[in-house]
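Have a look at the structure below, then the notes.
The values are calculated or read from the model by the stated rules, or taken from the named source; none is laboratory data. Here the structure is a predicted model, which is why all the values come from computation and not from measurement. Don't worry about glycine lacking a Cβ; one is built from the backbone with ideal geometry, like all the others, and counts go over all protein chains shown. SASA here: full protein model, heavy atoms, side chains in, ligands and nucleic acids out. Shrake-Rupley method; radii C 1.70, N 1.55, O 1.52, S 1.80 Å.
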Amino acid sequence: MASTKIGILKEGKIPVDRRVPFIPAQAKEVKNTFNVDLICQRSDIRCFENDEYRTNQVTVTDSVADCDVLMGVKEVPIKDLIENKTYFFFSHTIKAQPYNRALLQAILEKKIRLIDYETLTDKTGKRIVAFGRYAGIVGAYNAIWTYGKRYNLYHIRRAHECFDLDDLKTEYKKVKLPPIKIALTGGGRVAKGAMEVLMGMGIRRVSPAEFLYRTFDFPVFVQLNSRDYNTPKDGSDFVRNDFFQHPENYESSFLPYAEQADMLIAGAFWDPRAPVLFKREDICTPEFKIKVIADITCDIEGSIPSTKQPSTIDDPIYDYEPSQGIVEQALTDEGNITVMAVDNLPCELPRNASQDFGRELIDNVLPHLLGEDSDSIIERATITKDGVLTQKYTYLQDYVEGN
């Protein structure tokens, strides 16, 4: 039987994304470990040069049309899709995102087997590949950069101006913060990545109770899980599984933290059925203290009212004027909240983010793709096959038909 041929795609989405599914050394490892043929499509935008792949015995070519499996990062432009292939990329279609309806229609039309990285999970439903850690790292770094910018306290390079994470860490010592309080929401990969940066900068972690009731003469942060700021409406005790299953039965109890925090770093997944963190009216009260919000989750009009639009790596911050609930130019008025809502944060450290991502693909996905799919990992993550939606994703049929 002929061995599977894998192609690493050149990213075609605008704005450009410099990440890769496998870094050069990993591409060589994939060839040797799984005994497959692997080629790389020529690209002038990747964070790794074409020659770095060649040095690792990977063929670089213009066409990947003879590959069986094609792996990229972001959505593949419709004009570049090749029929009857297996594709891996972030398709942004599983929530019926209107802007990608035509993409899913084309994938079905071309009888493409689509496997979305976001849908690759273990038996418990936990994701097995993600860029979350680097979203957290860059998001927290950007939050500190924004604070320095707003109050003209220190000047550090932007994350994307650094070669890699080690280079980024050399900026930490330049940060000179007053005794501010930072609230960080979330307990997953994103929050852990954010904590790496905050602790790397010497910002001390405190408990929720200390955060609320103590004053400090040095900067501190608190990491808040769902139980810390969501309360059952009926006055009963918080039960984690119940909250995830029935978030509509809970209300937010975040305001006491908003009255203590100078900065919010939002890294928690938000279910639209769950309560919002706070409302615009809350921001307008004199007790509300937060002046800088780094919304890593970037849910537009979601749990945080000031996240009105995504920002970009080139233009990372804007101001939110709470009395009218409108977006203004960044750093124009002390009464505004400054918002950092870059929606592709891992792109700022593409070399490290790609290395971690490729490692997870090699360890958690390729054995199932190229061997026995014993836990149905590939099957569960397959959205389309042979021109139809798979059983699990038939809920997208109305979306595909434009209903």
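Structural remarks
- Protection proxy ranking of 82-89, 48-55, 118-125 - average other beta-carbon atoms within 10 Å, highest first: 82-89, 48-55, 118-125
- Between region 288-305 and region 223-259, the Cα center-to-center distance that results, in Å: 18 Å
- Share, in percent, of DSSP beta bridges within the chain that are antiparallel, nearest 5: 30 percent
- Theoretical FRET efficiency, 1/(1+(r/R0)^6), r = Cβ-Cβ of Phe218 and Asp51, R0 60 Å, to 0.05: 0.80
- Stretched out straight at 0.36 nm per residue, the stretch from Asn225 to Thr394 would grow longer than its current Cα-Cα span by 57.5 nm.
- Among beta bridges identified by DSSP and lying wholly in region 138-259, the antiparallel ones come to about 30 percent.
- Relative contact order of region 88-169, taken over Cα pairs closer than 8 Å and 6 or more residues apart, is 17 percent.
- Efficiency of FRET between Arg204 and Gln324 - r from beta-carbon atoms, R0 35 angstrom, step 0.05: 0.40
- Region 1-96 shape via C-alpha gyration tensor axes, a/c threshold 1.5: oblate
- Three-way shape label, region 308-347, alpha-carbon gyration tensor, a/c 1.5: prolate
- Between Thr285 and Arg158, the FRET efficiency estimated from the beta carbon spacing at R0 = 35 angstrom works out to 0.55.
- Here the chain has 48 percent of its accessible surface on carbon and sulfur atoms, given a 1.4 Å probe and all protein chains in place.
- Whole-number accessible area per residue in Å² for the chain, which is evaluated in the context of all protein chains at 1.4 Å: 46 Å²
- Among [x] 17.5; [y] 19.0; [z] 21.2, the entry that matches mean projected area of the Cα convex hull in nm² as calculated here: [z]
- Cα gyration tensor shape for region 61-212, rounded if a/c is under 1.5, else prolate or oblate: prolate
- Protection proxy ranking for 294-302, 92-100, using the average of other Cβ atoms within 10 Å per residue and placing the highest first: 294-302, 92-100.
- Among the listed pairs Lys176/Lys279; Lys74/Lys385; Lys308/Lys392; Lys74/Lys169; Lys233/Lys291, those with a Cα-Cα distance over 24 Å are Lys176/Lys279; Lys308/Lys392; Lys74/Lys169; Lys233/Lys291.
- Theoretical gain in end-to-end length, Lys111 to Gln97 [0.36 nm per residue, Cα-Cα removed]: 3.0 nm
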